[in-house]
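Beneath this line is the structure, given in C-alpha cells, with notes to follow.
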Amino acid sequence: MLELKNIEFSAVDDGNNIGIIKNISLELGDNKFIAITGPNGGGKSSLAKIIAGIYKNTSGQIIFDGVDITDKSITDRARMGIGFVFQQPVRFKGMTVVDLLRIAAGKNLSVSEACEYLSEVGLCAKDYIDREVNASLSGGELKRIEIATILARDVKLAIFDEPEAGIDLWSFNNLIRIFEKMRDADKNRTIIVISHQERILNIADEIVVIADGNVVKHEEGAKILPELMGGDYMKNICKKLD
C-alpha cells in the first residue's frame, strides 16, 4: 500500500515560490496497475518523482508498506523496492546490457538468467546481452532494457514517467504488451504509469487525474475511461480550475 497524505511541493522560479503539488492525498493499493493522467504541466511527473525520492516534498507524508518514507533517500526507497523509469532512459557508455542487469538484480546473474529478463521485454537476448548501453541503441530498445532492469530488481512499486516518450509505433505496441504482461503476472507488484495514451489508460485498474497540482478524479479505469475519452474532458477540467 502506498499512501500520500497532504503532499505539497513548490519550487522557486525567478524569486517566486510556485506551488506545483497542492495538498494531494491518495491511497494506492497493492497489485494494481495505476495510470496517472491529466493536462500538461499539472504536476503528474513531479508527483511521481516525489514518490521515488527524486524530489523532496515541501510538506506531507508518504507511507509505503506501513513505513513512513517521507525523509528517506532515493537509495533507501530503492532498497525498499521502489523503482523509477525516466522518460528518457539513461545511457551508460562502456557498460554492457548484462552488466546493467546484474547491477539491477544486485547479484551475479548468469547469462541465461539475464537473457530471460530480455526475453520478457521482447528482445532477442543473443543480439543484446553483450551490447553497450549507449547511443547505438534506439529509444525503444533502451526503454525495454530499462524495464528489464525493473524486472530483474523485482520491485514492489514500479513507476514509469511517460514511457511512450521518444519511441516509434512498433516499440509502443511492444511496450503495451509488456505492460499487459506485467499487469497480469502473478507477482506482488504495483505499477504506476504517467501517461496520456489511451491504450495505456485502457489497461489500468485505476486512473488518477491530476490538474493544477490537485487530484480531480480517482476511480476504477473502466468507470472513468469513457469520460476521459469524451474529447473535452481535459479542457473542461482546466476551465473549472481557472
Worksheet, complete the sentence: Scanning the range 29-49 for residues that are in contact (Cβ under 8 Å) with a residue 40 or more places away in the chain, out of contact with any Ser or Thr (no Cβ under 8 Å at 6 or more places or on another chain) and assigned to a loop (DSSP other than H, G, I, E, B) gives 38, 39, 42, 43
Practice prompt. Taking the options 69, 103, name whichever one is closer than 19 Å to residue 52 by Cα and in contact with a Gly (Cβ under 9 Å, 6 or more places away or on another chain).
Written response: 69
Discussion item. Which residue is farthest from the chain's Cα centre (by Cα), if the candidates are limited to the range 1-23 and must be of a type in the set (Asp, Glu) and part of a strand (DSSP E or B)?
Written reply: 13
Worksheet item: Does residue 63 qualify as being touching a residue at least 12 places away in the same chain (Cβ under 8 Å), under 25 Å from residue 12 (Cβ atoms) and under 18 Å from the mean Cα position of the chain (by Cα)?
Response: no
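Residue by residue, here is whether (1) modelled with pLDDT under 85; (2) on the phi < 0 side of the Ramachandran plot holds:
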position	(1), (2)
121	yes, yes
124	yes, yes
130	no, yes
134	yes, yes
142	yes, yes
154	yes, no
158	no, yes
Worksheet item: Yes or no: residue 126 without any contact (Cβ under 8 Å) to a residue 60 or more places away in the chain, in a helix (DSSP H, G or I) and over 18 Å from residue 178 (Cα atoms)?
Response: yes
Worksheet item: Considering 195, 138, which residue is among the small types (Gly, Ala, Ser) and closer than 12 Å to residue 35 by Cα?
Response: 195
Worksheet item: Across the range 185-206, what is the number of residues that are farther than 21 Å from residue 65 by Cα and in a strand (DSSP E or B)?
Response: 1
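If you check 78, 114, which single one turns out to be part of a helix (DSSP H, G or I) and under 18 Å from the mean Cα position of the chain (by Cα)?
78
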Response to the item:
Apart from one, (1) outside any strand (DSSP E or B); (2) in contact with a strand residue (DSSP E or B) (Cβ under 8 Å, 6 or more places away or on another chain) all hold for residue 26; the odd one out is (1)
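The values are calculated or read from the model by the stated rules, or taken from the named source; none is laboratory data. Because the structure is predicted, anything quoted here is derived from the model rather than measured. Cβ coordinates were reconstructed from backbone atoms using ideal geometry, including for glycine residues, and neighbour counts include every protein chain displayed.
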